[in-house]
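Undergrad: I'd like to ask you about the structure that follows.
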Amino acid sequence: MRALLPPGVVVVESHGDVPGARPFPGEEEALVRAVEQRRREYVTVRHCARQALAELGLPPVAILSGEHREPLWPTGVLGSITHCDGYRAAALAREGAVASLGIDAEPHAPLPEGVFGAIARPEEQSERERWADERPGVCWDRVLFSAKESVYKAWFPLARRWLGFEDATVRFAPEDGTFAVELHRTGPEVDGVPLTAMRGRWAVRNGLILTSVVVPAAG
Ligand SMILES: CC(C)(COP(=O)(O)OP(=O)(O)OC[C@H]1O[C@@H](n2cnc3c(N)ncnc32)[C@H](O)[C@@H]1OP(=O)(O)O)[C@@H](O)C(=O)NCCC(=O)NCCS
């Protein structure tokens, strides 16, 4: 994931759970009804996030969730979290390094039947064949899904409102690992300019799809 984010963003990732990692005071409440898998991903990714805080020169703190499930970062910090089978990652930056960011990881496998039609706009459905011609062997349906999840994670902290799968068009450049996002809902102003587009990166590595979206900082 580190290669998918610009300098100034600290990424800490883990392919397994960290023995001995424990929730911080306050985090335990989120785990009261959690199954073992959820407990492990929650604790490990927060361990990663605290390592990232340390790299930014900041003390370890509990990382709680807001009413829309968004992670609550210490003042002056922003970031994003992802976890899936066999992978957990946290990407953090000081405010000012970027305006917002989102990361997502998914297993590199096709989406269940019917899901692509529900998450892809018509123009994305017609582009899929071209993406597959340019980069065969990539599960483009799930790469699109992951890119859109990254879009949402970058969008929400700025907009503080819902963005549906139909509210953005993602256009991949299959050869260079990038994508452009056109938003069909006007977002909040960033540096005095309404947010209408985002840029992202994607990669397939070791059986995982990794995506990131960054909204650059002012200036
Ligand atoms: C929120 C969502 C994107 C999470 O993605 P996911 O693949 O289910 O799960 P991941 O493991 O990758 O990410 C989970 C993390 O997302 C973060 N997250 C959840 N809600 C969030 C929000 N509103 N804003 C920012 N981050 C959020 C949390 O940190 C969570 O981890 P935690 O519960 O341990 O803190 C997804 O569940 C969702 O609601 N998607 C629908 C919205 C969407 O994708 N729209 C498309 C817009 S084009």
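The values are calculated or read from the model by the stated rules, or taken from the named source; none is laboratory data. Not measured: the values here are computed from a predicted model. Glycine gets a Cβ as well: all are built from the backbone with ideal geometry, and neighbour counts include every protein chain shown.
Undergrad: So which pairs qualify, if the first residue must be in the stretch 158-181 and closer than 18 Å to Val115 by Cβ, the second must be surrounded by fewer than 16 Cβ atoms within 10 Å (Cβ to Cβ), the Cβ gap must be under 6 Å, and the two must be at least 6 apart or on different chains?
TA: As it stands, the answer is Asp167/His184; Asp167/Arg185; Thr169/Glu123; Thr169/Glu182, since those pairs meet every condition given.
Undergrad: Further question: Just one of Arg161, Arg128, Arg171 is in a helix (DSSP H, G or I) and of a type outside the set (A, V, I, L, M, F, W, C); which is it?
TA: Only one candidate passes the filter, namely Arg128.
Undergrad: Report whether or not Ala89 is closer than 24 Å to Arg38 by Cβ and assigned by TED's automatic domain parsing to the domain that holds Tyr42.
TA: Here the answer is yes, as Ala89 does meet what is asked.
Undergrad: Let me ask something else about it. Return the only residue of Val214, Val190 being surrounded by 14 or more Cβ atoms within 10 Å (Cβ to Cβ), over 19 Å from Tyr87 (Cβ atoms), at pLDDT 95 or above and in contact with a strand residue (DSSP E or B) (Cβ under 7 Å, 6 or more places away or on another chain).
TA: Selected residue: Val214, the only one of Val214, Val190 that is surrounded by 14 or more Cβ atoms within 10 Å (Cβ to Cβ), over 19 Å from Tyr87 (Cβ atoms), at pLDDT 95 or above and in contact with a strand residue (DSSP E or B) (Cβ under 7 Å, 6 or more places away or on another chain).
Undergrad: For the stretch 97-110, name all the residues that are more than 12 Å from the ligand (Cβ to nearest atom) and either more than 24 Å from Pro59 (Cβ to Cβ) or at pLDDT below 95 (or both).
TA: Within the stretch 97-110, Ala99, His108, Ala109, Pro110 meet the criteria.
Undergrad: I would also like to ask the following. Before we move on, is Ala154 buried (at least 17 other Cβ atoms within 10 Å of the Cβ), assigned to a helix (DSSP H, G or I) and within 16 Å of the ligand (Cβ to nearest atom)?
TA: Here the answer is yes, as Ala154 does meet what is asked.
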